[in-house]
1. Quick check on packing: order 112-121, 206-215, 170-179 by the mean number of other C-beta atoms within 10 Å, highest mean leading.
2. Give me the one-decimal Kirkwood hydrodynamic radius in Å for the range 125-177, with the sum taken over alpha-carbon pairs.
3. Mind checking the dipole of the range 115-177: about its Cα centre, +1 per Lys or Arg Cβ, -1 per Asp or Glu Cβ, Debye to the nearest 20?
4. Which sequence of Arg311, Arg196 reflects their accessible areas, 1.4 Å probe, from the largest down?
5. When only the heavy atoms of the protein chains count and the probe is 1.4 Å, how do Trp130, Trp338 rank by accessible area, highest first?
6. Mind ranking 258-264, 78-84, 278-284 by how tightly packed they are, going by the mean number of other C-beta atoms within 10 angstrom, highest first?
7. At Gln216 and Leu85, where each label point lies 7 Å from the Cα along Cα→Cβ, what is the point-to-point distance in nanometres?
8. How large is the Rg to Rh ratio of the range 278-326 when both quantities use alpha carbon positions and Rh follows Kirkwood?
Amino acid sequence: MASPDKVGCSPEPLPLDRLLAELAANAERLGRRWEAALRKRGGGGEGARAACRGLEGTKADAAIQLHTPLFYATCALGGLLSTGLTHLAVTPLDLVKCNMQVDPGKYRDISSGFGVLLQEQGLGGFFKGWMATLVGYSSQGACKFGFYEFFKKCYSDIAGPEHAEKWKTFIYLAASASAELIADVALCPMEAVKVRVQTQPGFARCLTDGFPKIVQSEGAFGLYKGLIPLWGRQVPYTMMKFACFETIVELVYKHAVPKPKDECSKPLQLAVSFAGGYIAGVFCAAISHPADNLVSFLNNAKGATMADAVRTLGVWGLLTRGLPLRIIMVGTLTGAQWATYDAFKVFVGLPTSGGLIPSPAADLRQVGDEKKN
């Protein structure tokens, strides 16, 4: 098997039986480490300490080593939690934004949009489509964060140690784009159901009846007819989200924080993660908003095409309809996602995100530091 430093892009694929066995073993190790972490934080007595000592009996179990299958699985779980929970929390904002895009005559602005929803559907109406939101964005977050770390390491290895630092921004962009292409395949069916449930009164109550209704009326393709505009929205969004975040955090530690990142307290590091994520989110919202309008229009109008959307909304409408609310929503969302993701990484003993791409020697030093802490 490839060494840990080359796991990101191993040239020798494992046979299926070995791959499944490796995944099962990694899942078991991951569960044991999380159990040990929870017991340590809960104080769990002598039995818990003995269990923790048992987990620390070998080097493989003592820490989650960077760029191993266990590391990528941990990042995927952190992405699942951070993305799914934050999108669920802003469902009311997303609901108003989608209705403003689809029916601007009725939902003229943010305040009137909330008023119309409250009057027609009550407080429960603000979380319409919550199940599709949670399932879809949890799946997307797991793929996005897990594959981003995978592709970042892979492309860094391809570039080589001399060029990885020089071309780091392009590596961030390429890794995030590659990850998002995969993540959107998981998100697209849930996004189609969510938009219909939120914007078409009487279409369905939630995911469980909305999903089969689309399949019965439009076939499986109906779940993916918004995939290309979804890529148009999410790929630039994610490229901006990761590249801006990595760059902003690096600049903050370089110019605004008076000491190196590894000497800063964990709360300060998480505050930097939130600030960097929020700033990146503002740029994300602006660059991906026209495609977001297209996704909402296509998923709401049966049989509509992108040309129909452009004719109906106009160029100015594509660029600006619902944009102020989306900036508020995406900025908060992105900041909260990075803070939650890094809080989870800290919890399981990994360093926070952002900064330079570590070399193999730096990887070993980081693992050693985490073990000492």
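1. Result, highest mean first: 170-179, 206-215, 112-121.
2. 12.7 Å
3. 20 debye
4. Accessible-area ranking of Arg311, Arg196, largest first: Arg311, Arg196.
5. Ranked from most to least accessible, the order is Trp130, Trp338.
6. 78-84, 278-284, 258-264
7. 3.7 nm
8. Working: Rg = 11.5 Å, Rh = 11.2 Å.
Rg divided by Rh gives 1.02.
The values are calculated or read from the model by the stated rules, or taken from the named source; none is laboratory data. Please read these numbers as outputs of a predicted model, since none were measured by experiment. When we count neighbours, we look across all protein chains shown, and the Cβ atoms used for this are built from the backbone with ideal geometry, even at glycine. Heads up: the accessible areas ignore ligands, DNA and RNA and are worked out on the full protein's heavy atoms, side chains in. Shrake-Rupley method; radii C 1.70, N 1.55, O 1.52, S 1.80 Å.
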